[in-house]
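The structure appears below as structure tokens.
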Amino acid sequence: MNDADLVDLFRARDSGAVRFIAAKNNQRLFRAAWAVLKDSAEAEDAVQSGYLKAFAAIESFEGRSKLSTWLTRIVINEALSQRRSTRRRATRLAEDDTGGAEAGLADGGTFPPDQPTPERHVANVQLQQALELALDRLPEIYRMVFILREIEGMTVDETSAALDVLPATIKTRFFRARQMLQAQLASIDRTDLDGFLTFGGDVCSALTARLTDLIAAQPAHAGPWLH
């Protein structure tokens, strides 16, 4: 089934199409959101919100890029918006807290590194943790490109469309990301990258089920979701 057919079924709130699209894209969208938020729970929320906004804006999909690329761009924008909201809340809390307990987050500082989660079922957990910590320290513009290009296997053009950045810039950022991660990558096999930040099993199924129910419940013109 091509993207045009899927979009027509998605627009019609076909539950089978929703499940198919989710099963095909959940992993990539989760990794893209994590590249921005560096938190698994927040990334999952961004993926769900991104799908709903995609459904609301489905009439604007013109097929100039793949449906998966279009969804990735929406989810990245949702993750960025979610992070801005989190930082605004943190700033307000910091202003009310004379001790400044939230100031580190409000200043745009580093988030605490993720602890090992049940999502990562890989042969060498230590290598996975090392890569995650390294990515956590990587500047965002390089982290997003590395995850989409190296881990998700997106092409330069697909990554360019998803991030709205020129292909030449994608190539430069990818090269710089690999340079900065050279020590970690030297000890990591390709199969370790495939298993990085795995989003599957019951968690993935639960998200797909929620998404199917939410979209099925929406009227034909779901414009308000955009706001």
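Condition first: farther than 22 Å from ALA217 by Cα, in contact (Cβ under 8 Å) with a residue 60 or more places away in the chain and open to solvent by 40 Å² or more (accessible area, probe 1.4 Å). Now tell me which residues in the stretch 31-63 satisfy that.
Across the stretch 31-63, the qualifying residues are ASP39, GLY63.
Among the residues in the stretch 145-166, are any open to solvent by 40 Å² or more (accessible area, probe 1.4 Å), farther than 22 Å from GLN27 by Cβ and either in contact with a strand residue (DSSP E or B) (Cβ under 7 Å, 6 or more places away or on another chain) or assigned to a helix (DSSP H, G or I) (or both)?
no
Could you check how many residues of the stretch 16-30 are surrounded by 15 or more Cβ atoms within 10 Å (Cβ to Cβ) and farther than 17 Å from SER65 by Cα?
8
Which residue pairs have Cβ atoms under 8 Å apart, sit 6 or more places apart or on different chains, and have a first residue in the stretch 185-214 that is open to solvent by 40 Å² or more (accessible area, probe 1.4 Å) and a second that is aliphatic (A, V, I, L, M) and at pLDDT 65 or above?
Cβ pairs passing all conditions: SER187/ALA130; ASP194/ILE151; LEU214/LEU52.
The values are calculated or read from the model by the stated rules, or taken from the named source; none is laboratory data. Worth saying up front: this structure is predicted, and the values here are computed from it rather than measured. Backbone-built Cβ (ideal geometry, glycine too); neighbour counts: all protein chains shown. The area values use the complete protein model at the heavy-atom level, side chains included, leaving out ligands, DNA and RNA. Shrake-Rupley method; radii C 1.70, N 1.55, O 1.52, S 1.80 Å.
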